[in-house]
Amino acid sequence: MRRAFRFSLIGLALLAAPAALAQGAPDAARVAAARPVVDKIFPVGTYRRMMDGTMSKMMDSMMDGMMKMPIAQFARIGGVPEEKLAALEESSMEQISAIIDPNFRQRTKLGMDAMMGSMVDMMDGFEPKVREALTRAYARKFDGKQLGELSAFFKTSTGDLYARESMMMFMDPEIMGEMQALMPEMMKKMPEMAAKAEAATKSLPPPRKIADLSQEERGKLAKLLGVKASDLKDGAATSDEGTK
């Protein structure tokens, strides 16, 4: 089921790419008019401002919340029957890690902080492309007159403040608090959501096994995976499915 969700996300991404290209390049004059608008609302270094420090605190808070969640909630997502969950309602990841790895929380924080630092550096390099894409998006959504009005507004003291803080508002503690509260609620709803997804696909035939493939199909699959056709086994596929 989780593999199906991943394939669905990939499919959506592939569908989104040609959809964006199909819009065509926006008018050059409107792109020029959109550029100063984007310079105001998404100035250089925006990702660093959003992620540096604030994101780390949010991840810490989310991790703390997950560590305190009953193990039963994770087990439900894995499909463990309700009758076997009673003993897990009083147990949490925090209690278990205190026995198995007393340094788990510190280890996780240090690792996440290191990853976040790398992520910030990566986003610094990616940001120019985002700014260009945002410029083209504004050029499509707003005409020259509207872009001029936005630029004029951003030259006022209120407009300047709004432009500088509009993106940062998503990192406001109030917003972050609601996002953090969403995690345990989402974990509670996950078994129900997974059940609905399974019911929605129940009418479809199950995925084919390696044994069901023709020799030609096995050859194509092996080539795509970079292995020999003789190495394709149903046992490996079944085991892989069970761990995902």
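Estimated from the Cβ-Cβ distance and a Förster radius of 30 angstrom, the FRET efficiency linking residue 170 and residue 69 is about 0.75. Annotation: per residue accessible area for the stretch 62-155 equals 64 Å², rounded to a whole number [probe 1.4 Å, protein chains only].
Using a Förster distance of 30 angstrom, determine the FRET efficiency expected from the C-beta separation of residue 155 and residue 118, and round it to 0.05. Walk me through the intermediate numbers first.
Values: r = 37 Å, r/R0 = 1.24.
It comes out at approximately 0.20.
Among the listed pairs 57/141; 84/189; 141/196; 57/188, those with a Cα-Cα distance over 26 Å are 57/141; 141/196. Straight Cα distances below 23 angstrom link residue 209 to the lysines 220, 223, 228, 233, 244, with same-chain residues fewer than 8 positions distant left out.
Would you please give the FRET efficiency between residue 215 and residue 49, computed as 1/(1 + (r/R0)^6) with r the Cβ-Cβ distance and R0 = 45 Å, to the nearest 0.05? Before the final figure, lay out the partial values.
Working: r = 57 Å, r/R0 = 1.26.
FRET efficiency, residue 215 to residue 49: 0.20.
The values are calculated or read from the model by the stated rules, or taken from the named source; none is laboratory data. For clarity, every value in this text was computed on a predicted model and none was experimentally measured. Using ideal geometry, Cβ is built from the backbone for each residue, glycine included, and neighbour counts are taken over all protein chains shown. The area values use the complete protein model at the heavy-atom level, side chains included, leaving out ligands, DNA and RNA. Shrake-Rupley method; radii C 1.70, N 1.55, O 1.52, S 1.80 Å.
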